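No value in this document is a laboratory result; all are computed from the given coordinates. Model, not experiment: these values are computed from the prediction. Methodologically, a virtual Cβ is constructed for each residue, glycine included, from the backbone with ideal geometry; neighbour enumeration extends over all protein chains shown.
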Amino acid sequence: MQYMLLICTDATAPEDTGPSDIEEWVEEMDSRGIRLSGQRLRPPTDATVVKVRGGDVVVTDGPFAETKDWIAGYDIIECTDLDEAIEVASKHEMARRGQIEIRPIWPFE
Amino acid sequence: MAIRVVDEALAEASASERARIIATLIKITGDWELAEDCTQDAFAKAVTEWATTGVPTKPGAWLTTVAKNRAIDRLRRSATETRAVAELAVLESLTEVDVHELDDDRLRLIFTCCHPALAMEARVALTLRTVAGLTTAEIARAFLVTESTMTKRLVRARAKIKAAGIPYRVPPAHLLPERATGVFSVLYLLFNEGYSASVGETLVRAPLTREAIRLTRLVVALLGDDPLATEGLGLLALMLFHQAREESRTDATGDIITLEHQDRTLWNPVLIAEGRAALAEATRRRARPGVYLLQAAIAQCHVVAPSAEATDFGRVARLYEALGVVSPSPVVELNRAVAVAMSQGPEAGLEIIDGLAASGTLEGYYLLPAARADLLRRLGRRTEAAVEYRAALALAPSEVEQRYLQRRLAESTR
């Protein structure tokens, strides 16, 4: 099964000043054939929102929802089941520094 | 064939075989909805067929075959429409499977129903529906929601298991401890469903409580030396102490007999011994006592006492106090009040209960006015007691409890 890991910030997360180990995570998940792709995302201050209303394209700055927490990146992973996806997500440094939402990919049938 | 015989056989099969049949069908088809529907169909068919042909010698095997055939029919029909190769492969295994070789299936079912990715209310509902075999209507009543709300909750839960890829298995060793904690709370709920029977007329639905005990033993064995097994042992002891008193809890007409009036010679010494052994083993492991261990210790105070008067209520009150620290709850406080009333006198207990009543946290809970009424009666304040018994009566969930309260009411208005 494929899942998207939404790598999110969490304003309530305890301070974690330890060194980053994201490269080790990427290396492990790539070598296990789990991580298919993934990127960091620029912060919401660099976001643009587009809507079409009454035929007009409406462009605004900023994220579509005002929340304290935002999506900082994503990974697409291939796992046997949710428990494996949970294990993979729990090893990501942002599970300690922020939070990760696991969403199953919904393929077109 | 007498309807009553058929009803009893169906109730027995529902409690002991339903989960096994569902678990088996899920394992083979991977489809929770199909598994439950076909099992339901098999029971529906049994209602009409057993009334004319009689109850088969092996009701479980009969139901399994009918459910299996129903699943094959449904898969075959959808297979001809979609020519789904996978489903045809399933069909093959379905015709070959021997149900009773899959003995751990119910455990697998429980761990899946109790997966932390499901909301707690969904876990409980799914376990009661799928493992315990309660109807959606019964579960809805127990959780004070409408049947359609509960139906939606169950549909969503089953859909999430499939869509989110929640594995259908007993978790591997490194995941067992955390998953077991969630399972314990659901198992205890299951036990209580059987023991206090919030639904129907029978006070004790023995197959449900037996099932909860059996599954708890299994989970404890699975956990081995893990510190979490300690709480499992506590839960096991707690269930066994309750179960040991089963025979003495009701009289010949099915009316409730309270702990203090129960015939202690009816208590099952084998179950008490097993419970004491489980509690001793848990104590030997020196883990910090959690909610189940403390409740088991309380239950042990009652079952080891030679008479109600000889119960160490001071110790019971102290254990309830410790329980209130680990898991603060107004129900625990209510029980502490009763123990305090027994060890220090009704006034001391009444004081705590009045504080609880004033806080309003137990509004609508029939045991609050019932406990208050008992203490008032003991103090000879019969008019006030009668008022409280009437309040409790209006809130009592089942007929046996209502009859018990009516008797008490009659005593205090005599």
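Translational diffusion coefficient of segment B:316-414 (Stokes-Einstein, Kirkwood radius from Cα pairs, 4 °C, 1.567 mPa s): 95 µm²/s.
Note on B:164-172: average number of Cβ atoms from other chains within 10 Å of each residue's Cβ is 4. Applying a threshold of 29 Å to the alpha-carbon distances of B:LYS58/B:LYS162; B:LYS68/B:LYS160; A:LYS91/B:LYS152; B:LYS58/B:LYS152 flags B:LYS58/B:LYS162; A:LYS91/B:LYS152; B:LYS58/B:LYS152 as lying beyond it.
Here the spin labels are modelled as points 7 Å beyond Cα on the Cα-Cβ line, and at A:VAL58 and B:LEU266 they lie 7.2 nm apart. Sorting B:CYS38, B:CYS113 from the fewest to the most surrounding beta carbons within 10 angstrom yields B:CYS38, B:CYS113.
Here's the picture: charge each Lys and Arg Cβ at +1 and each Asp and Glu Cβ at -1 in chain A, and of A:ILE77, A:GLN39, A:PHE108 the one pushed furthest to the positive end of that dipole is A:PHE108. When each of B:ASP73, B:ASP31 is scored by the number of other beta-carbon atoms lying within 10 Å, the sequence from fewest to most is B:ASP73, B:ASP31. With Cα atoms as the point set, the radius of gyration and Dmax of segment B:176-302 evaluate to 14.5, 45 Å. Taking every residue in A:79-86 and counting other chain Cβ atoms within 10 Å of its Cβ, the average works out to 5.
Place the peptides A:11-19, A:94-102 in order of packing, highest mean first, counting for every residue the other Cβ atoms within 10 Å and averaging per peptide.
A:94-102, A:11-19
Less than 5 angstrom separates the built amide H of B:THR250 from those of B:ILE257, all sequence-distant by 5 or more or on a different chain. On the beta carbon distance between B:ASP255 and B:GLU411, with R0 = 22 Å, the FRET formula returns roughly 0.95.
A Cβ-based charge dipole, computed about the Cα centre of segment B:272-414 with Lys and Arg at +1 and Asp and Glu at -1, lands at about 280 debye. Computed over the Cα atoms of chain B, the ratio of the radius of gyration to the Kirkwood radius (Rg/Rh) comes to 1.00.
In this rough spin-label picture, where each label sits 7 Å from Cα along the Cβ direction, the B:THR53-B:THR65 distance is 0.7 nm.
Per residue, the convex hull spanned by the Cα atoms of segment B:364-414 measures out at 55 cubic angstrom.
When the alpha-carbon atoms of segment B:312-363 are used, the pair Rg, Dmax equals 10.4, 30 angstrom.
Between B:ARG210 and A:ALA47, the FRET efficiency estimated from the beta carbon spacing at R0 = 56 angstrom works out to 0.45. Amide H contacts for A:LEU36 (H built 1.01 Å from N in the peptide plane; partners 5 or more residues away or on another chain; cut-off under 5 Å): A:ILE76, A:ILE77, A:GLU78. Counting other Cβ atoms within 10 Å as a rough exposure proxy, the listed residues B:CYS114, A:CYS8 run A:CYS8, B:CYS114 from fewest neighbours to most. Sequentially through segment B:54-64, phi angles give Karplus couplings (6.51, -1.76, 1.60; θ = phi - 60°) of x, 6, x, 4, 10, x, x, 5, 4, 5, 4 Hz, Gly and Pro residues having no value and appearing as x. Peptide B:173-179 has a mean shielding of 1, counted as Cβ atoms of other protein chains within 10 Å of each residue's Cβ. Each distinct pair of alpha carbons in the protein assembly as shown adds a 1/r term; the inverse of their mean, the Kirkwood radius, is 26.7 Å. Based on the Stokes-Einstein relation at 37 °C and a viscosity of 0.692 mPa s, and on the Kirkwood radius from alpha carbon pairs, chain A is assigned a translational diffusion coefficient of 211 µm²/s. Karplus-derived 3J(HN,Hα) values for segment B:236-242, using 6.51 cos²θ - 1.76 cosθ + 1.60 with θ = phi - 60°, are 4, 4, 4, 4, 5, 5, 5 Hz; glycine and proline are entered as x.
Can you tell me the FRET efficiency between A:THR67 and B:GLU399 if r is taken as the Cβ-Cβ distance and R0 is 56 Å, rounded to the nearest 0.05? The computed FRET efficiency comes out at 0.65.
The spacing between segment B:303-318 and segment B:1-47, judged by their C-alpha centroids, is 43 Å.
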